[in-house]
Every structure is written in C-alpha cells, then in structure tokens.
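The values are calculated or read from the model by the stated rules, or taken from the named source; none is laboratory data. Since the model is a prediction, treat every value here as computed from it, not as a measurement. Reconstructed Cβ throughout: ideal geometry from the backbone, glycine too, with neighbour counts over all protein chains shown. In case anyone asks, the SASA skips ligands and DNA or RNA and just uses the protein heavy atoms, side chains included. Shrake-Rupley method; radii C 1.70, N 1.55, O 1.52, S 1.80 Å.
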Amino acid sequence: MVELEKEVLPLPPRYRFRDLLLGDWQTDDRVQVEFYVNENTFKERLKLFFIKNQRSSLRVRLFNFFLKVLSCLLYIVRVLLDDPREERDCPGCLRQNASAHNRSHFDWSLIIWVNRPLPLWALQVLVAFISFSETMLLVYLSYKGNVWEQVLRIPFVLEMISAVPFVITVILPSLRNLFIPVFLNCWLAKHALENMINDLHRAIQRTHSAMFNQVLILISTLLCLIFTCICGIQHLERAGNNLTLFDSLYFCVVTFSTVGFGDVTPQIWPSQLLVVIMICVALIVLPIQFEQLAFLWMERQKSGGNYSRYRAQTEKHVVLCVSCLKIDLLMDFLNEFFAHPRLQDYYVVILCPAEMDVQVRRVLHIPLWAQRVIYLQGSALKDQDLMRAKMDDAEACFILSNRFEVDRFAADHQTILRAWAVKDFAPNCPLYVQILKPENKFHIKFADHVVCEEEFKYAMLALNCVCPATSTLITLLIHSSRGQEGGAGSVDQWQRTYRRCAANEVHHIRLEESKFFGEYQGKSFTFASFHAHKKYGVCLIGVRRMDTANILLNPGPCHIMGASDTCFYINISKEENSAFVRGHREPVRGPGGDSRGVPQTIYHGLTRLPVHSIIASMGTVAIDLQDSSDSSPEGSGPPALGSGTVSRSGSRTEVGGCNTLALPAMSGSGEERRHSIAPVLEVVDGVHSPTFDLLGDQSEDEGGEEGKEEEGGEQKGQWWGAHCEWVKGYPLNSPYIGSSPALCHLLQEKMPFCCLRLDKACHHMPYEDARSYGFKNKLIIVSAESAGNGLYNFIVPLRAYYRPRKELNPIVLLLENVPEADFLEAICWFPMVFYTVGSIDNLDSLLRCGVTFADTMVVVDKESSMIAEEDYMADAKTIVNVQTLFRLFPALSIITELTHPANMRFMQFKVKDHYSLALSKLEKKERERGSNLVFMFRLPFAAGKVFSVSMLDTLLYQSFVKDYMISITRLLLGLDSMPGSGFLCAMKITEEDLWIRTYGRLYQKLCSSTGDIPIGIYRTEAHKLPVSESQVSITVEDYEDTREPREPLLCRSGLHRNSTSSEPPSSSSSQAMDHPLLRRKSMQWARRLSRKGGRGSSGAKGVGSAAERISQQRLSLFRRSERQELNALVRTRMKHLGLSPSGFNGMTDQGNRLSYILINPSPDTRLELHDVVYLIRPDLLSPVPNQAGGRKPSAGPAEGHRFDTQDSTHL
C-alpha cells in the first residue's frame, strides 16, 4: 500500500477537479504546431497583396493603368506647350532651312532636346518615380531565380526607357530638357488593361466571353499603334515640317487606311524610317490579332455565345437540355411550343454538349427561328454553361433523353445528372424531364413533370388491343392543330371529317367563369356533359375540385358541379378564344298540340351544318348554339323494336339485367308511346354503397345464374380453373419503384415459372402449343427484344379489375432473350400470361407462340436497332418483318412501333397503290406548310396500326401550357387509378343499335343509362380499289378475260362514304360484289370445282393416267397464286412442327378497308355499322345512384333505365 502511494505523482495546482476525474492531470508533452509559417514573411505578405489576392491585385493594376495613362496625357501637354521655332536663330528661318538644306542634313538638336517647363517636369518625374518603384517591386516579388527572365521582358524594357531617364534628370539637372519617349507608356497601359480584365473576371467569379477580351486587345493594339506613330512622327518632324499633333493624326489615319492623299508627308529620313517601321509592325501585329478574332468568332458560332443577363431579366425564355440534337426533335419541339398564342414572345435557349448539326444550323438560319432560338454548346453539369443559359431566370427547363443511345440506362443516368445539376443551380426553375426506363423514374420525383417513355408506350400499345387506335386518339389529343391539315379542297369526305375532328384538344376552365358550363352549377356531371355537348358541341370529360389536386375523369352522375370546380373538356379551341353566335329561334308546337314547342335552330340552307363545320369555315372560331333535337316523327320512337345488343371490347355488355342500348318495352294500352331514350337527370335522388364485389367477377353478375353455372362448368376442365382461384387485388411484386398501384385480376396462388413457358411442357402442364390450352378468346402476342420492366405496364391495363373475366385475352410474350427471374416473379400472379423464346423473323417461332390463334400482334421496336449508320434505317428490320407477317397472316391485326414517324409510309407497302401515292403527296404538302401532323393522313396511323414513341414528346411540351395533360393521359391509359375517376373503354355498334341513329342520341342514351361519356368514334369503311390495285391474284387461265379498259381512279363512284350520310351500308358491299374481276374469279373457281368433280367421277384409268396426273399437278403449281403459295408454306411448317393446320385460314384479306378516328363529332353525326365508340366509364367502385334500375338485375324490362324521367327531353 505504501509502494502504491509512492508511485502516485503529486497533483499540479493548476488542474481542476474535472481534470482529475478525466485523467488529464498527467504530464502534458503535447507541442503546438503552426502551419504555413512561410506566408508570414514580409515578401510573402507583399506578394499576397500585389499578386495573389485578386481584389488587391486588381486595385494595384488599376492604379498602374491610370498612372500610365496620366504619363501619356502629360506628354501630350508637353507637346502642346512646346514650340521648336523658339530655339532657332530667327523666327522665319524654318521653311528656308527646310527648303534649302538636303533631307539628309537637319538639326539633330531639335530631336534630342525639347522645351519642358519646370512644373511639368516635376509631375513627370513623380509619375516616373512611382512607376519605376512599382516595377522594381514587382520584379523582386516575381523573381524565381532567373534575373534575365525578368529583365528581358518587353514591359520591363519599356519601363526602363520611359522612367529611368527622369530619375537621372533629378541627379543631373542639365538633362532636364532631354527628350524621353514617354508615349511608349501606352503599351504599358495596354498590358495593364489586359491584366486588369483578367483580375476583374477572377474577382467577381464570372467567366466573360473570350470574344470580348480579344476585341478589347485588338482595339487597344490598334490605338497604341496609332498613338505611337502620331507621337513619333510629330517629334521627328520638329526638325522638318514641324507638324502638329492633329497633322500627325491626319497623316497616320490616311496612311493606315491606304488612302494616301500626299498632302502631308514626312520630310526627313528618321520620320520616314519610323513610318516604314510602323507599317511593318502593323502588317505583322494586326493580321495576327484579326486571325485570333476570326478564330474566336468561329468558335463562338459553334458554342453559341451567351444569353445576356439583361435579356433574361426583360424577356421570357425556356431552356432545352439535350445530349444530341436531331432535326426531327428540334422541329417537333419548336412547332408544338410556339403553336400556343401566349408563347409567341418566348425565346428558346438550347444547351447541348455536341456541335451544331448542319441541318440544325440551316434551320436556325431561317428568319422564323433565328430570332427565337439561341444555340449554346455546353453541358448542364457545368455551372458556367448554366450561367450562360441564364438557367436561374428561365421560365422552365426541358431535359430530354437520347433514345438513340446504345445503352438506354446510360442515357437515363445522364438525364438524372442533368436534372440534379439544374435543380442544384436553379432550385426554383420548373423541370420537365423525359426518362426512358421506368425503374429510373424515382430518381427524379422532384421534377414538376415527368414522362416515362416505356410506361406510356406499353400502356398505349396494350389499350390498342382492346380499344382500337388508342395511340392515334392520344396522339391527336396531345398535338396542337387547327383542323387545316390536308387543305380545304380534300377529295375524300373521310379526310375532311377526320381533319376537322383531329383539331380537338383538351382544355380547362373554371366553372363559375365558363359560359359552356356555368349554367350547370348544382347539376350532376352527366347532365352537364350531355347538355354542353348538345348545346355547344363540347365534351366535358373530367373535373377537379379546388381543395384537391386530383383530376377525376367522369366522376359519374353522383358528382355535383360546384362553382369552384375546374372543368376539363374536349373542343377545337378553348372557350376564351371562342365567339358565340346564336341562331334565330321560334317556338314549334309539338305533335300533340302542346304549346311547349321544342326550340329549333333555323339554318339558311338545304342542310344543317354541324358545329365543327362552322368552326372550320370561319376565320375566328365561332360556335353555333344549335339544338340537336330531332323534330321528325321518327324522333319519338325507334324504327324497329327488339332487344338490341352492344358489344364492348368485342363482347356484349349489359347493365341491370338488360342491354344498355336496348329499347324499353311499350305500354300495354298502346295509347301513349314511351320515349325511346330517357332524359338525363339534373340531380340523382340518392346514392348507396357500391355493389361491386372485389372477390367475385362482374361478368358473372351480368350473365345471371345460368351464365355462372355454364362458366363454372367450363372452367372445371381448364387447367387455370383447376389450378387456383381468381381474385381481384393489387399486384404483390412490382418490378420497379414508382409504379402506381392498380387493382387487377390476379391468381390466388402464383404460377410456377415452368408453367409460364408456353411452348414447353412441364410436370404441371403437358401442353406445348396454344391450341392445346383451349383458350376461349384469341391471343394477344407481344414481340419484344427482351423482357424489360416496361412490359409490366402492358399487362396491367389488360388485366384491370373493370374488364370482365370472359373478355380477357391470353397474353403471349415473344422474347428473343430468356427473361430474368425478377420479371417472371412480377408476371406470375397475372392469369393467362405466358412467354416464349423466339424471334419475329422466324416462322417457326411465330407458329409455336400461336400466331394462327391470335387476334392482335404487337411488334415493339428493338433497342439494338435504334442505332444505325443512317438514322432512318433504324426501322428497316422491323418494317420488313411486319410486311412478312402481313403477307403470311393477312387476318392478323398488327400494331407496330417505329422509331421514326416518317417510316410509317412503308407499313403494308404496295407498289401499285395509287391511293397511297396520293396520300404521300399530301404528306409532302403538309411538311412544306410546317404542319405538326404531317403523317396524320397515312392509313396505318389513322387506323392505329402504327405508333412512334417520338409522338410522346409533344406530351411533355404541352405540359408547359397545360400542366394537367400528363395526369389526364395517365388516367386514360390506366397508368394511374384515382378513386372516383373513370377509365377508357370501347363499345361496338351492331345492327340492333342503329335505331339510335345519331351520335347525340347515343350520348343521351349512355348518360341516362350507365353514366358513360362518349368522346369519339373509330370508324371503318370499305375502300374499293380499281382493278390494278386489287389484291385478287390473276392466273394464266383468265388472263385474256381481264384485258378490258380499266376504270379511272378519279371516276370511280362511292370510293369513301360520308360519315354523316344515311346511305345503307349494304350499298357499298353490293357494288363491291359487282366488280368484274371478282365475278370472273368466282367463275374460275366454279370451273375448277367442276373439273375436280369430273375427275372424281371417272372410274377408268388408262395407261397414261400417271403422266396426266403429273402434268395436271405441274399446271396447278404454275397457276397457283402467291396467296396460295404462302398458305401452303404456313401449313407445311405447321405440320413439320406437329401443329394442326385446321384452324389456319390465310385467305382473309383486310386490305380494302380504311379506318380513322372522329374525336368529339357533332351530335348529328350518323352512326354506322361496326362503329367503335370510345367511352369514359365511371369508376365501378364509386357510389351509384339509389335507383331501382341500378347495376343489380331489375324486376322488369320497363325498369331497364338507370335513372327516372323528370322532364320531357327529346332527341
């Protein structure tokens, strides 16, 4: 114990009790180390002040510049005060000496000595001493071991020449009047100015234009040359002509401008020698300066210069950031951006790291764009380039990905970095970002508007399979158009109608500020939508409450319109740009003598013009408030009675136990006739909770008990019915972060991965082809290069909960590469989704995946083919493969994605199709006019058979003016599902539905029964071709019969039927059957059948029967058409693969049809057979009206309508 106490050191008195607890009372051996002690010396401090520090060195150089300028001004003062004649013997001997003596003999004393007053000398000495001291100090601070490096510098030599003699005159007063070339200080002032500009840029942390620096150096060099020549000539001519400073200035300007008048010339050889030297110096120095200036000018033209701060603060501009600028992308952006009237005063600043393309440069030289578009070569990751573009003052920044990049993930990563850089530099600048891959979308959630290319692309292609031409519908809605494409003198009626309806866009307005919808405040949504379309021709599709940011498409009849609601409607122009022209109205008595007449609009003409015809025919948009009511006797009743059926998405759809468009039963008395279409209620009586069963199937409720038993009996024998139950729920495994949850049809237990392979059997399932599965609906085949996460968005809309189970089509993914496990994990929960490994250019792969049992095939453009030596050749392989599919399987509906929209003219290409050639000429005219939709009249695009992902770029551009367009498009495509928001579906008009007659009556029927809102029509017409364009093959036997005069193309009758005509559809088909070539073909086939029958009846066979049989086979092969050869090829391959060719029918031809879309047609547009009507159906989970005719089966046929009648609205 004692030893331990001896080892303990005594506690120092300076330590506190805290130090004792922390153990810091031990001996401290730490030593404080000081850093950068070398900077504490006197020399380093001076160097820091004069050289290193930016602001202090700027002050020193500024002082030096003014000091040199002051010395030059003092020299000018000395010249003005000096008179060489005072030093001569006589005042008048100057000209005598100049004329008498030779030019080689002159008085050197007049050049060596000058008259310098004492005060002026004192000032010059002071300036020279300060300048000399500063120069020596800078030489000392800049010394690095080599003295000659500092001494032989031109600024140091000039400083010694102009400053040291003044110091010597202080020591030797006799030399006070010695001439000293002080004017050489102008070169020192130029050098100080250059250093001062550099320090100024460093001090204010701003990179000025190099062009400005070079121009400043050039101007200062030129001024220094002229000033040196002026002062030198004036001083040397003291011994000659005694020129003044102005005379010397005049002589120098005349000489350097190569004019040379000769009135003022140097008289003595020193001045002449100086002129020669100065001219030589000018010939050497000035071209070098001009060369550097021209080089910087060319570089500035490449980089684009700067966007001035003054312009950024006084003008509005947006910035477009791209990694590679193509001419198509640029023109799409400019045409769509400047299509809006309020954006005409905006400027577009393009920030691109690549050099400007030749085509882009040529376009930007057009006066229309030269004053609006500014191209800057730079990177968005550099703050200097963002400062050049004045990103912090921009109204918006558009960041587009390079879809032509080989690695699309790398392109997305570059886009993400650009978005982060812009957000870091300008946090308040709105961002509009385009991303390629959906899994990268969550990195840019902070952006104001985001468009994921693969999300929209696959969802649009999926809806094309169930709602035809959805891609064309969305493309026309997001493009700006005035309905003037194709010209007013279009030959075909379908072109005029299609052009007029394609001008419709989505607009918005506040209800209380609207004339369209202001009168419907407090009314139901369906009431407002129907009556606004009936009265004004506008289609109300959605609303948004003031207290929420969610947009609801067709919220249903339970939604009551409020004054603060924002209404979204489809029309040619927005209401603010519309004028209202009211027609004269007079009361018309009803047929029963009722004094309450239905108001009619009186048109001065033979026909009642629709709303869109009036709009298209006027310079300023005017809307005629027409009444769509039908005063004919047939308006109160249908032409025929019966149970009509409506096919929605290819099958019947019934509501409330009866058909939606079915006629109500007549009353038994027969005295009073019930109206054929119930009116739309202003306000529904009440609502109750939805009866939609999430665990059941809606199609089972619609079919009744018999349908349930029949469907259940059929499913017992199917493998997917025996494997597991179907449920409705949200997918458990999303392939990427950021996908919106969607309620879908799912399997209660996930499918094993081995069962997802369609063409290979496993121990769960012994089937190896599509026929063995026994699908009730036709297949939907998707051909893609690899299984990306975007394919998930193709499956989700086709498995949405609102699609009845009996309408679901099996989906087969034809992939070139085997999908990864995470993708299979995401799709194994969806029913009837399979994949096969193969290629679209392999016939065996197509047959294995069940192409003969498919209804639609979607061909997705390959990412690997987007890069080609020639840009437009990226679609070559896809186009040729689709053309092969079209020839092999003409009955197959093929939907193709192309990289370039200009290549859609090659889809289903026909060499001798004169009509396609006429459309090609029309497209060229539209391109010359600068139209946004030059390809809209192409038949594949109008029919929705082709789609280009570049069409989605317009959606991002329109979001700058219409910030709701992305949300509405996502709701239409099913990418987002808001509670209470409707969804897009389709309904097909059958023969039983033609009693409705017009689109306006259909609008009322849907609004009054199911609450659906129609937004357009997909119409298919027979396209009758002349003999040379027919695809019917001509064999050798009937070659002589076809040598008849061909009917001219322009003289054929009934080429296209009017969309509003009431001609029965059978007329065109009967005219087609009267075609002479078709009649001859039918006679030929009859002769062949008779010959086969004759051969079968002959019983005796001679010796030459074998030779005869061979010759007949040879003749039949020679006579066989191309169509028969292709069918034989397909059947042979099917037999080789072990597939039954019984279900294959390759003779179906759909080439003589044309299809197009009518968006928001006028109410009096006639419905035609096989029209497909686009509907926005209310959410099935939203509250429904508390009526007897709800979604539950009704008690009788008289209660088939969903709402009761409260007024007497007629159509």
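Any residue at all in the range 369-380 that's open to solvent by 10 Å² or more (accessible area, probe 1.4 Å), more than 22 Å from the chain's Cα centre (by Cα) and not hydroxyl-bearing (Ser, Thr, Tyr)?
Yes, the range 369-380 contains at least one residue that is open to solvent by 10 Å² or more (accessible area, probe 1.4 Å), more than 22 Å from the chain's Cα centre (by Cα) and not hydroxyl-bearing (Ser, Thr, Tyr).
List the residue pairs whose Cβ atoms are under 8 Å apart, where the first residue sits in the range 144-164 and is without any contact (Cβ under 8 Å) to a residue 60 or more places away in the chain, the second is part of a helix (DSSP H, G or I) and open to solvent by 80 Å² or more (accessible area, probe 1.4 Å), and the two are 6 or more positions apart or on different chains.
Ala163/Phe129
When you check Ile570 against the structure, is it at pLDDT below 50 and within 25 Å of Ser481 (Cβ to Cβ), yes or no?
no
Do you know which residues across the range 317-349 are open to solvent by less than 10 Å² (accessible area, probe 1.4 Å), closer than 23 Å to Val406 by Cα and among the β-branched types (Val, Ile, Thr)?
Val322
Residue by residue, here is whether (1) part of a helix (DSSP H, G or I); (2) in contact with a Cys (Cβ under 7 Å, 6 or more places away or on another chain); (3) crowded, with 24+ Cβ neighbours inside 10 Å holds:
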position	(1), (2), (3)
Arg496	yes, no, no
His507	no, no, no
Gly522	no, no, no
Thr526	yes, yes, yes
His533	yes, yes, yes
Gly542	no, no, yes
Cys558	no, no, no
Tyr569	no, yes, yes
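Tell me, yes or no, whether the range 1017-1024 has at least one residue that is in a loop (DSSP other than H, G, I, E, B), modelled with pLDDT of 90 or more and surrounded by fewer than 22 Cβ atoms within 10 Å (Cβ to Cβ).
no
Quick one: would you say Ile602 is at pLDDT 90 or above and aliphatic (A, V, I, L, M)?
For Ile602, the condition - at pLDDT 90 or above and aliphatic (A, V, I, L, M) - is not met.
Looking at (1) open to solvent by less than 80 Å² (accessible area, probe 1.4 Å); (2) outside any loop (DSSP other than H, G, I, E, B); (3) modelled with pLDDT of 85 or more, find the lone condition where Pro119 falls short.
(1)
Are any residues in the range 137-179 in a helix (DSSP H, G or I) and in contact with a strand residue (DSSP E or B) (Cβ under 7 Å, 6 or more places away or on another chain), and if so, which ones?
Selection gives Pro165, Thr169.
Pairs needed: first member in the range 250-277, open to solvent by 80 Å² or more (accessible area, probe 1.4 Å); second member anywhere, part of a helix (DSSP H, G or I); C-beta distance under 7 Å; at least 6 residues apart or different chains.
Phe261/Val254
One line per residue, one yes/no per condition, for (1) acidic (Asp, Glu); (2) in contact with a strand residue (DSSP E or B) (Cβ under 9 Å, 6 or more places away or on another chain); (3) under 25 Å from Asp345 (Cα atoms):
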{"site": "Lys382", "(1), (2), (3)": "no, no, no"}
{"site": "Asp385", "(1), (2), (3)": "yes, yes, yes"}
{"site": "Glu405", "(1), (2), (3)": "yes, no, no"}
{"site": "Phe409", "(1), (2), (3)": "no, no, no"}
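Residues to consider are Ile474, Ile435, Ile478; find the one that is touching a Cys at 6+ places or on another chain (Cβ under 6 Å) and either within 14 Å of Leu952 (Cβ to Cβ) or in contact (Cβ under 8 Å) with a residue 40 or more places away in the chain (or both).
Among Ile474, Ile435, Ile478, only Ile435 is touching a Cys at 6+ places or on another chain (Cβ under 6 Å) and either within 14 Å of Leu952 (Cβ to Cβ) or in contact (Cβ under 8 Å) with a residue 40 or more places away in the chain (or both).
Of all residues in the range 473-512, which are among the acidic types (Asp, Glu) and at pLDDT below 90?
Passing the criteria: Glu485, Asp492.
For the range 100-108, check the following and say yes or no: at least one residue is more than 60 Å from the chain's Cα centre (by Cα), at pLDDT below 85 and of a type in the set (S, T, N, Q).
The initial filter retains those residues of the range 100-108 that are more than 60 Å from the chain's Cα centre (by Cα), namely 100-108.
Filter once more, keeping what is at pLDDT below 85: 100-108.
From what's left, of a type in the set (S, T, N, Q): 102, 104.
Yes, the range 100-108 has at least one match.
Taking the range 742-798 as the region of interest, how many residues are open to solvent by 50 Å² or more (accessible area, probe 1.4 Å) and assigned to a strand (DSSP E or B)?
0
What about Leu386, is it in contact with a helix residue (DSSP H, G or I) (Cβ under 8 Å, 6 or more places away or on another chain), over 14 Å from Arg311 (Cβ atoms), surrounded by 14 or more Cβ atoms within 10 Å (Cβ to Cβ) and modelled with pLDDT under 90?
no
Restrict the check to the range 223-244 and report whether at least one residue is surrounded by 14 or more Cβ atoms within 10 Å (Cβ to Cβ), of a type in the set (Phe, Trp, Tyr), part of a loop (DSSP other than H, G, I, E, B) and touching a residue at least 40 places away in the same chain (Cβ under 8 Å).
Scanning the range 223-244 turns up no residue that is surrounded by 14 or more Cβ atoms within 10 Å (Cβ to Cβ), of a type in the set (Phe, Trp, Tyr), part of a loop (DSSP other than H, G, I, E, B) and touching a residue at least 40 places away in the same chain (Cβ under 8 Å).
Spot the failing condition for Ala294; the list is (1) closer than 17 Å to Leu376 by Cα; (2) at pLDDT below 85; (3) among the small types (Gly, Ala, Ser), and only one is missed.
(1)
Out of all the residues in the range 439-447, is one or more open to solvent by 40 Å² or more (accessible area, probe 1.4 Å), in a strand (DSSP E or B) and modelled with pLDDT under 90?
no
Which residue is farthest from Pro890 (Cα to Cα), if the candidates are limited to the range 833-865 and must be hydrophobic (A, V, I, L, M, F, W, C), under 33 Å from the mean Cα position of the chain (by Cα) and not in a strand (DSSP E or B)?
Per the criteria, the residue is Val860.
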